[in-house]
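Everything below concerns the one structure shown next.
The values are calculated or read from the model by the stated rules, or taken from the named source; none is laboratory data. In this text, all values refer to a predicted model and were calculated from it rather than measured experimentally. Cβ coordinates were reconstructed from backbone atoms using ideal geometry, including for glycine residues, and neighbour counts include every protein chain displayed. Heads up: the accessible areas ignore ligands, DNA and RNA and are worked out on the full protein's heavy atoms, side chains in. Shrake-Rupley method; radii C 1.70, N 1.55, O 1.52, S 1.80 Å.
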Amino acid sequence: MVYFVGAGTGAADLITVRGMRLLEQADVIIFAGSLVNPKLLAYAGKDCEIHNSAKLTLEEVIQIISGAETEGKTTVRLHTGEPSIYGAVREQMDELDALGISYESCPGVSACFGAAASLNLEYTLPEISQSLIITRMEGRTKVPDRESIESFAAHKASMAIYLSAGMIKELSRRLINGGYKDTTPAALVYKATWAEEEAYLCTIGTLYDVSVEHRITKTALILVGDAIAHQHYGKSRLYAPDFTTEYRKRKDGVLPKRKEMKLNIISFTQNGKKLSERIAKLLEGELEIGLYTKCETGINDEIYSDILFVKVSVGDWAKERMQEQDALLFIGACGIAVRAVAPHLKDKLHDAPVLVMDEKGKYVIPVLSGHMGGANDLANHIAEKTGAEAVITTATDLNKKFAVDLFAKRNSLYIANKDGIVKVSSKVLAGKEITISIETGHEITFEETGVQIVPYPPTGFVDVVVTSQDDVFDASILLKPREYVIGFGCKKGKNVSEIDQFITKILMKMDISIMQIFALSSISQKCDEHGIIEWCGKERIPFFTYTSEELQEVNGNFTKSLFVKDQVGVDNVCERAAVKACGEDGKLILPKVAENGMTIAIAMRVKREDYDGK
């Protein structure tokens, strides 16, 4: 058996525990003598056969490994740092594959992390840089044209440059040509974490002078980027008092529960890009916002650093976001938006909200899903923030009349027969009064005028009936409560197709329509679970999450699991989460069902409440 082991960044005690134990057990060690600290060989057994690969060709290394394998010996191929970075291990592995020799890898600490430790450096400081680029100058080993120093420098992210200490003068020139200022902080670290380590802070413009002064021409790492200065950065949200994790509640007394709508803004000109950034800034903290553009000019400039260039067609871009039920704001011609979304429309109850804004920011127009998707409300909010004029075209809004779809959304009801919407809306716009009959037990709020409440059950025709019963009524529209909550748990990485199949099967077994689902709920560790988020977005179902402490406080007889409690801090997730999201007097109607790494439970909202996200 062969083990490729990372020796670590230099110091003998910075090898991993696993790597140290493999050295202790090895019969043969082949080490990179020009770079690996020889003190690491002290971990080898007294009878271990040791070879210095600095003097060997690839064929000679493989010959030694093959011979050891024939004799049933264990070989450790000891590489400097982390073998997956400039370790030339893949070519060795390919040779072993050809010979049918088994191997495994043991990671190590790369030099850039040893250098960061020596300088007490954090590469990813908020508002400064959230990326670390690891690269090298071209030497005897070629570098692809698309990975030039200039192309990486254009990002102005933190950068760790290997194998380039002998070319610092040329490196500095290319970094500056690529976009860094000559005053950008830099560091030159010779033999990071070794006893003979030398580390010098400087700038990109003074890198070469520092290397000459200290005679550093090899075995050194060059670091560049504003993060090196440790200044003018934003604080992490992780420890902010209003930030909730699975271990800590936010300290301002408010617990975010529901995944909010995401607003995706796409622009087509430089003026449009500027407007999109302005809107994002104005809505910061209120909505998750994605910025996109089809205008490539200046996209790498600092001012447009958060905008992604859309390589696919606008239609394909729109399709992907509409499938996730995200809101779309087109900054450009209305025709572009119409042509992009038209092939992907379903109906007014399921379409994603779509808005259009001119690039001068004068008007914002909701063109799709004004009521159910919230496009009208979003247009009004954007107009209020930017000073634009919201152009609302839905007739009921223009005339300040009762809108049955908006009424249903506000009261957590679903429309059982959507063909009746036109009938009710036509009557409203004709100036006639609307009659509504409401089953006892429903707490319904009214903001509309021109509505007459009649007794339940109705004895004759009514325009709207609010009921949980399956009785046949003489009415234009039946509104039914979303009275069930799905409690859900799953292993990490479950895709939306697996989740959909499981939930659909359970709902069919329980004879529950997807339209009757008020929310899906889970533990806070699942708040970023992509498969769940995608499913909830597709079905337009709110996704609530709760901390383990909140779930543990829920009263009831639940299926208990010590394993689950050890993993997440509460003895049951799906049952407790389902009841918790129901509010007061929730009733568990389906105990936990487990299948293929997923669990589901269903609870019923016995006391029907106004939907306000609680």
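Out of the residues in region 329-365 meeting the condition of being part of a loop (DSSP other than H, G, I, E, B) and open to solvent by 60 Å² or more (accessible area, probe 1.4 Å), tell me which one is modelled with the lowest pLDDT. Of everything passing the filter in region 329-365, K348 is modelled with the lowest pLDDT. Tell me, please, whether a residue that is open to solvent by 20 Å² or more (accessible area, probe 1.4 Å), in a helix (DSSP H, G or I), over 14 Å from I486 (Cα atoms) and of a type in the set (A, V, I, L, M) can be found in region 550-563. Within region 550-563, one or more residues are open to solvent by 20 Å² or more (accessible area, probe 1.4 Å), in a helix (DSSP H, G or I), over 14 Å from I486 (Cα atoms) and of a type in the set (A, V, I, L, M). Scanning region 15-32 for residues that are touching a Gly at 6+ places or on another chain (Cβ under 8 Å) and crowded, with 21+ Cβ neighbours inside 10 Å yields I15, G19, A26. Take the residues in region 512-534 that are open to solvent by 50 Å² or more (accessible area, probe 1.4 Å) and charged (D, E, K, R); name whichever of them is nearest to E550 (Cα to Cα). Applying the filter and picking the extreme gives D528.
I need the full set of residues from region 527-551 which are over 24 Å from G374 (Cα atoms) and either among the polar types (S, T, N, Q) or under 12 Å from the mean Cα position of the chain (by Cα) (or both), in order please.
Restricting attention to region 527-551, the residues satisfying the condition of being over 24 Å from G374 (Cα atoms) are 529, 546-551.
Passing the criteria: E529, T547, S548.
If you check S84, S102 for being of a type in the set (S, T, N, Q), open to solvent by 60 Å² or more (accessible area, probe 1.4 Å) and farther than 30 Å from I228 by Cβ, only one passes: S102. Within region 467-492, the residues that satisfy the criterion of being in contact with a Leu (Cβ under 9 Å, 6 or more places away or on another chain) and more than 30 Å from V568 (Cα to Cα) are T467, L479, K480, P481. Taken over region 535-547, the criterion of being surrounded by fewer than 19 Cβ atoms within 10 Å (Cβ to Cβ) and either under 15 Å from G489 (Cα atoms) or among the acidic types (D, E) (or both) is satisfied by E539 alone.
Looking at the structure I just gave you, is V472 without any contact (Cβ under 8 Å) to a residue 40 or more places away in the chain and open to solvent by 20 Å² or more (accessible area, probe 1.4 Å)?
On the way: without any contact (Cβ under 8 Å) to a residue 40 or more places away in the chain: yes; open to solvent by 20 Å² or more (accessible area, probe 1.4 Å): yes.
Taking the combined requirement at face value, the residue satisfies it.
For region 114-155, filtering for residues that are closer than 28 Å to F4 by Cα, more than 25 Å from the chain's Cα centre (by Cα) and buried (at least 16 other Cβ atoms within 10 Å of the Cβ) leaves 8. Per the conditions (1) open to solvent by less than 20 Å² (accessible area, probe 1.4 Å); (2) modelled with pLDDT of 90 or more, the sole criterion not satisfied by Q501 is (1).
Considering region 46-67, the residues that are under 20 Å from G6 (Cβ atoms) and of a type in the set (G, A, S) include one that is surrounded by the fewest Cβ atoms within 10 Å (Cβ to Cβ), namely A54. Among the residues of region 3-50, those that are in contact (Cβ under 8 Å) with a residue 60 or more places away in the chain and in a loop (DSSP other than H, G, I, E, B) comprise A7, T9, G10, A11, I15, T16, L35, N37.
Being closer than 13 Å to G489 by Cβ and either part of a loop (DSSP other than H, G, I, E, B) or in contact (Cβ under 8 Å) with a residue 12 or more places away in the chain (or both), is that true of even one residue in region 507-519?
no
When I289 is tested against the conditions (1) farther than 24 Å from F407 by Cβ; (2) open to solvent by 30 Å² or more (accessible area, probe 1.4 Å); (3) assigned to a helix (DSSP H, G or I); (4) modelled with pLDDT of 80 or more, the lone failure is (3). In this structure, L207 does not qualify as free of Cβ contacts under 8 Å to residues at least 40 places away in the same chain and under 25 Å from K39 (Cβ atoms).
Give T135, T193 a once-over and let me know the one that is touching a residue at least 60 places away in the same chain (Cβ under 8 Å), of a type in the set (S, T, N, Q) and closer than 17 Å to A220 by Cβ.
Result of the check over T135, T193: T193.
Residues in region 51-69 that are outside any helix (DSSP H, G or I) and under 18 Å from D27 (Cα atoms): H51, N52. Restricting the search to region 189-224, which residues are of a type in the set (S, T, N, Q) and either surrounded by 16 or more Cβ atoms within 10 Å (Cβ to Cβ) or in a strand (DSSP E or B) (or both)? T193, T203, T206, S211, T219 - these are the residues of region 189-224 that are of a type in the set (S, T, N, Q) and either surrounded by 16 or more Cβ atoms within 10 Å (Cβ to Cβ) or in a strand (DSSP E or B) (or both).
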